[in-house]
Amino acid sequence: MLSMLQLLRAIPTFLILRFFLIFGNFHNAEARNRHYKWEVKNEYRSPDCFKKLVITINGITPGPTIQAQEGDTVVVQVNNTLITENLSIHWHEIRQIGTPWFDGTEGVTQCPILPGGTFIYQFVVDRPGTYLYHAQYGMQREAGLYGLIRVAPRDPEPFTYDFDRSIILNDWYYKSTYEQAAGLFNCSKSPSLSTDVCDISKCSPFIQTAIPGKTYRLRIGSK
Ligand SMILES: [Cu+2]
């Protein structure tokens, strides 16, 4: 049985433990889970007026931007509806501390997501910044399977701006990525705008306008 003295000695220890428990809970309550559900498939698109077969995520290329805050857990359910191709997605510069099996290196850290299959990636984004995600199989990235991850800092940013814009630099070919792969980086197959392949009165490549006197933050992703 505890003596009165032992009881009194135990109280500060209890209070300190309680403090850390409360603090820990408070900290965990800030981090959130960010859930995404993606369907990856082949579709025809003409992002720069030239119609070709691309790979989309939920109907768009580049794919949806993942929005999170430092310390959050990102959960992405990927459904492979490519019919004939395996799939995996790499989260570039995300450190995957404790979760190396979600790094997306097909055949090394995970089995491929087979056609018709589903895989759920789950990882912590522990550092603020702008990151790329992209396909890790064949030339699927060049066919359009890529996008951005924006991780906001917990503390307020030390600068201000009027607009926040993203630009991703990615290879893009008018030939299919299979033909491009067989040609092994043949630059003659790279796209160039000419009137015989597109009608620029109906569509045009992406143009970023800027208003004089305003401040723009540009997040430029490339690899
Ligand atoms: Cu990468």
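Just so it is clear, none of the values below were taken in a lab; they were calculated from the coordinates. Keep in mind that what you see is a predicted model, and the values were worked out from it rather than measured. Here Cβ is always computed from backbone atoms with ideal geometry, including for glycine, and neighbour counts include all displayed protein chains.
Structure data summary
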read-out: Greater than 28 Å apart at Cα, pairs in Lys37/Lys223; Lys175/Lys223; Lys52/Lys214; value: Lys52/Lys214
read-out: Aspartates and glutamates with Cα under 20 Å of Lys51, excluding same-chain neighbours fewer than 8 positions away; value: Glu43, Glu142, Asp171, Glu179, Asp196, Asp199
read-out: Order of Asp72, Asp164, Asp126, Asp48 - criterion: other Cβ atoms within 10 Å of each residue's Cβ, fewest first; value: Asp164, Asp126, Asp48, Asp72
read-out: Amide H contacts of Arg217 (H built 1.01 Å from N, under 5 Å, at least 5 apart or other chain); value: Asp162, Phe163, Asp164, Arg165
read-out: Cα-based convex hull, the range 43-170, per residue volume (Å³, whole number); value: 114
